[in-house]
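Peer 1: Below you'll find the structure I mean.
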Amino acid sequence: MPDKVVIFDTTLRDGEQTPGASLNVDEKLQIARQLELLNVDVIEAGFPFSSKGDFEAVKAVAREIRGTQVAALCRANFKDIDAAWEAVKEATAPRIHTFISTSDIHLKYQLKKTREEVLEQAVAAVSHAAKYCANVEFSAMDAGRSDLDYVVKVFTAVIDAGATTVNFPDTVGYTIPHEFGAKIKYLVENIPNIHKAVISVHCHNDLGLAVANTLAAIVNGARQAECTINGIGERAGNASLEEIVMALATRKDLFDYYTEIVTQYIYPASRLVSKLTGVLVQPNKAIVGANAFAHESGIHQDGVLKEASTYEIMTPTAVGIKKSSLPLGKLSGRHAFQKKLQEMGFYLNEDELNRVFVRFKDLADRKKTVFDEDLTSLVETEVIYKSVPEHFKLLELVVLSGNTVKPSANVKMEIGGVVQGPYSTFGDGPIDATYRAITHLAESKCTLLKFAVSSITGGTDALGEVSVRLEEDGHVVTGQGVDPDVVTASARAFVNGLNRLHFLKEGGPRKGKPEEL
Ligand code: KIV
Ligand code: ZN
């Protein structure tokens with residue numbers, strides 16, 4: 001039978017110590033409700049003595065949350081402990097969490113106390129807390145850098161004084177997994193009354209090892225993991241709840257432990273915490289980052305479409321993400337591309353698909369991400385309006401513009417199968433110069449009725465979409481052009497319009513209004 005690992009969530013306390021992430025009472029309550037849905041075992045709601053607001057927040061969480069233990073943090077002194085109890089006492093399962101440093105470096109420079117004095121204070125604090133509540137956690141701050149025999153001594157004494165959980169924090173994220181695991185093993189083997197308490201760990205991420213250290217501790221006897229949603233917390237943050245939980249769930253072959261977390265609530269919890277704290281989740285963050293289930297390379301996309309487990313070690317739905325995404329970029333393959341178009345309602349034949357795919361690859365080479373709107377434009381230009389013969393083709397366009405030159409354009413076209421140009425001319429701006437050159441080469445008498453340019457997607461690498469309306473001999477047509485370069489998009493739109501005019505003048509098969517082309 002696997003052992004349970006208690007999940008102690010400290011998003012509302014250590015997580016709130018993230019610079020700029022402070023939460024008001026209402027926001028703490030919203031997150032606490034989400035943590036209850038997630039089914040964490042303990043919610044550390046705050047540090048009541050630290051501020052009136054935190055006192056109120058812990059009180060509100062303790063009153064409302066019924067299905068989860070609620071803990072309040074306090075230093076190892078009576079005033080702090082009294083405030084913690086006052087705030088948390090209405091919880092269905094309250095916990096007092098008291099702490100004092102045990103490392104020589106903290107004792108010397110911060111507390112200015114001897115080891116004996118700290119031991120005495122720890123025991124007095126736990127005894128005081130135990131008078132209020134049977135559920136007392138003691139933390140030896142900076143335990144990771146403390147003399148291990150001294151921690152053994154302190155833990156033995158506080159367990160005798162009533163501590164039911166003893167927490168071994170790597171406060172400064174200094175330890176390395178095999179070393180941290182060995183320390184936990186040492187505690188298990190050397191604390192005579194350890195069977196009366198749960199060993200907890202609380203790892204910070206200064207070396208990026210918080211989750212690895214936590215897992216190493218579990219393997220060596222820790223049965224409570226302190227963690228936060230999205231790994232937020234003091235400095236580089238805490239061990240991330242979602243990573244610990246999913247590592248245990250995904251590698252059951254290695255870890256004979258379980259948690260009672262309802263993993264489908266992980267992603268909603270991550271979004272909520274990010275929204276309310278204002279701490280953004282990095283895209284490549286494990287489990288909850290925007291790219292955690294996004295497959296970019298063509299080989300990976302092909303594999304995932306055939307069988308998700310080829311490149312996914314857990315399903316996105318297991319953590320509350322609807323489905324994997326196959327963002328289209330320059331590495332995407334035809335398979336993913338076709339699937340994407342079909343999802344958008346475009347069922348192209350083989351030849352059409354090939355043509356659009358070539359244009360897509362060309363675009364993806366120039367643009368980081370190709371959005372749905374970009375694809376729609378490509379299909380429209382390559383397929384939907386493709387039935388109009390290309391009497392006019394833009395072969396080359398070179399534009400000179402800037403704040404110290406008169407704008408000019410040099411254009412070469414193919415018209416009715418014959419290369420025309422290059423022809424250069426000036427204009428009021430680069431687009432005006434381009435249109436003058438095209439008009440000259442095409443010998444067109446059309447009038448430009450409307451010119452509109454918009455960016456299809458955001459960002460400076462957005463596709464520019466140009467739409468024009470042209471009139472000649474009673475025929476009115478529209479023309480569209482799309483390109484990351486807005487002058488090229490303008491030229492394409494104009495040439496597209498000229499082709500439609502030509503098509504109509506040649507008695508094109510359409511009987512409807514020209515605008516409907
Ligand atoms: O990092 C730490 O040591 C803490 C304690 C208060 C548990 O946050
Ligand atoms: Zn901490």
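Peer 1: How much FRET efficiency would the formula 1/(1 + (r/R0)^6) give for Glu414 and Asn349, where r is the Cβ-Cβ distance and R0 is 22 Å, rounded to 0.05?
Peer 2: About 0.25, to the nearest 0.05.
Peer 1: Could you put Ser297, Ser324, Ser146, Ser309 in order, starting from the residue whose Cβ has the fewest other Cβ atoms within 10 Å?
Peer 2: So the residues, fewest neighbours to most, are Ser309, Ser297, Ser324, Ser146.
Peer 1: Can you quote the Å³ per residue value for the convex hull of the Cα atoms in segment 298-366, rounded to an integer?
Peer 2: Cα-based convex hull of segment 298-366, divided per residue, equals 94 Å³.
Peer 1: For Ala60, what is the net charge nearby, where nearby means another residue's Cβ is under 10 Å from its Cβ and Lys, Arg count +1, Asp, Glu -1?
Peer 2: -1
Peer 1: Please report, largest first and rounded to whole Å, the three semi-axes of the ellipsoid equivalent to the chain, where each semi-axis is the square root of five times an eigenvalue of the C-alpha gyration tensor.
Peer 2: 68, 23, 20
Peer 1: Would you mind ranking Ile313, Ile65, Ile7 by Cβ crowding within 10 Å, fewest neighbours first?
Peer 2: Going from sparsest to densest Cβ surroundings: Ile313, Ile65, Ile7.
Peer 1: Within straight cross-link reach of Lys361, meaning Cα distance under 20 Å, which lysines are found once same-chain residues fewer than 8 apart are removed?
Peer 2: Filter leaves Lys330, Lys339, Lys340, Lys386.
Peer 1: Work out from phi, with θ = phi - 60° and the Karplus expression 6.51 cos²θ - 1.76 cosθ + 1.60, the ³J(HN,Hα) of each residue of segment 258-274, listed in order in whole Hz, and give x for Gly and Pro.
Peer 2: 9, 10, 9, 5, 8, 4, 5, 8, 4, 5, x, 5, 4, 4, 5, 5, 5
Peer 1: Go through segment 147-241 and name the GluC sites (Glu not before Pro) that are in a DSSP coil and have 16 or fewer other Cβ atoms within 10 Å of their Cβ.
Peer 2: Here no GluC sites (Glu not before Pro) fit, given the DSSP loop and packing criteria.
Peer 1: Please report Phe293, Phe168 as a ranked list, fewest other C-beta atoms within 10 angstrom at the top and most at the bottom.
Peer 2: If I rank by nearby Cβ atoms, fewest first, I get Phe293, Phe168.
Peer 1: Something else now. Over the Cα atoms of segment 385-505, each weighted equally, I'd like the Debye log10 I(q)/I(0) at q = 0.11, 0.21 Å⁻¹, rounded to two decimals.
Peer 2: -0.34, -1.22
Peer 1: Between Tyr186 and Thr250, with labels modelled 7 Å along Cα→Cβ, what's the label distance in nm to one decimal, could you check?
Peer 2: 3.2 nm
Peer 1: Which FRET efficiency, nearest 0.05, do Ala308 and Ala236 yield, Cβ-Cβ r, R0 30 Å?
Peer 2: It comes to 0.40.
Peer 1: Another one. With each pseudo-label sitting 7 Å past Cα toward Cβ, what's the Leu280-Leu448 distance in nm, one decimal?
Peer 2: Spacing of the two 7 Å Cα→Cβ label points: 3.7 nm.
Peer 1: Excluding same-chain residues fewer than 8 positions from Lys131, which lysines have a Cα within less than 20 Å of its Cα?
Peer 2: Straight-line reach from Lys131, under 20 Å: Lys59, Lys79, Lys89, Lys196.
Peer 1: Assuming R0 = 56 Å, what is the FRET efficiency of Lys196 and Ser401, from their Cβ-Cβ distance, to the nearest 0.05?
Peer 2: 0.10
Peer 1: Extension gain Lys112-Lys322, at 0.36 nm per residue separation less the Cα-Cα distance, in nm?
Peer 2: Computed gain between Lys112 and Lys322 is 70.3 nm.
Peer 1: In addition: What number, rounded to the nearest 500 deg cm²/dmol, is the helix-based mean residue ellipticity at 222 nm of the chain, given -39500 (n - 2.57) per DSSP H run of at least four residues and division by all its residues?
Peer 2: -12000 deg cm²/dmol
Peer 1: Hey, another quick one. Please give every one of the lysines within straight-line cross-link reach of Lys252, meaning a C-alpha to C-alpha distance under 19 Å, and leave out same-chain neighbours fewer than 8 residues apart.
Peer 2: Here the lysines satisfying the reach criterion relative to Lys252 are Lys4.
Peer 1: Next question. At 7 Å along the Cα-to-beta-carbon direction for both Lys393 and Ile299, put a label point, then send me their distance in nm to one decimal.
Peer 2: Distance between label points: 3.6 nm.
Only the coordinates and a few stated rules stand behind these numbers; no lab work does. Here the structure is a predicted model, which is why all the values come from computation and not from measurement. Cβ sites come from the backbone with ideal geometry, for glycine too, and all protein chains shown count toward neighbours.
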